[in-house]
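To start, the structure under review is shown below, and the notes come after it.
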Amino acid sequence: AIALLADADSMQARLSKAQWLNEERRYEESIDLLKPFLPLYAQSEAVVMLVTEAYLGIGDTGKAWDVISAIPVIEQMSLGFFDLKARAADAVGHRVESYEALAKQHVRKGEYLEAKKKLEQALKMPDISVVEKGRLEYAIKFLADK
């Protein structure tokens, strides 16, 4: 299948090839393939996830976090997006954002109690900022009504 995609130049073909490259742990090639398109498709979940996975694969956690944290979260985001965002946040030491991403994943699955637990865990993190604390408390209060 990858041989058939070798000469294909459509975005879907590039995404399929990048996914295969990531699965084969050929992360640098995946980044080289998609990086030119990142500015054009910076809000594309598929592009962002593949590039983030590749950066995590080569150990460039900072770039992985920069890519995935720049995309705004919308209702249509996949569960896998939140898992990957949590991994990237955790990799750069942003534990609060990691817990928040996992909480959002639980909310999407209708698991409100689990989401609340994740947010409460985030509240217990050392060095939590006032802004983060307020955001977490608001989210917990919102979930209490569910």
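Below, the figures for the structure above:
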| item | result |
| --- | --- |
| Options Ala122, Ala103, Ala64, Ala139; residue that is of a type in the set (A, V, I, L, M, F, W, C), open to solvent by less than 50 Å² (accessible area, probe 1.4 Å) and under 26 Å from Ser30 (Cα atoms) | Ala64 |
| Checking Glu53 against (1) open to solvent by less than 40 Å² (accessible area, probe 1.4 Å); (2) in contact with a Leu (Cβ under 9 Å, 6 or more places away or on another chain), the condition it does not meet | (1) |
| Filter pass, Glu132 being surrounded by 13 or more Cβ atoms within 10 Å (Cβ to Cβ) and touching a His at 6+ places or on another chain (Cβ under 9 Å) | no |
| Segment 44-61: number of residues that are more than 12 Å from the chain's Cα centre (by Cα) and either at pLDDT below 95 or in a loop (DSSP other than H, G, I, E, B) (or both) | 2 |
| Residue ID - modelled with the lowest pLDDT, chosen from residues in segment 28-43 that are open to solvent by less than 60 Å² (accessible area, probe 1.4 Å) and under 23 Å from Leu79 (Cβ atoms) | Ala42 |
| Which listed residue, of Leu40, Leu50, is touching a Ser or Thr at 6+ places or on another chain (Cβ under 9 Å) and within 30 Å of Met11 (Cα to Cα) | Leu50 |
| Filter result for Ala88 (under 23 Å from Val107 (Cα atoms) and crowded, with 21+ Cβ neighbours inside 10 Å) | yes |
| Search result, residues across segment 86-117 that are of a type in the set (D, E, K, R) and in contact (Cβ under 8 Å) with a residue 24 or more places away in the chain | Arg87, Arg95, Glu97, Glu100, Lys104, Arg108, Lys109, Lys116 |
| Test: residue in segment 67-75 that is surrounded by 16 or more Cβ atoms within 10 Å (Cβ to Cβ) and part of a loop (DSSP other than H, G, I, E, B) | yes |
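The values are calculated or read from the model by the stated rules, or taken from the named source; none is laboratory data. In this text, all values refer to a predicted model and were calculated from it rather than measured experimentally. No Cβ is skipped: glycine too gets one built from the backbone with ideal geometry, and neighbour counts run over all protein chains shown. Side chains included, ligands, DNA and RNA excluded: accessible areas come from the protein's heavy atoms. Shrake-Rupley method; radii C 1.70, N 1.55, O 1.52, S 1.80 Å.
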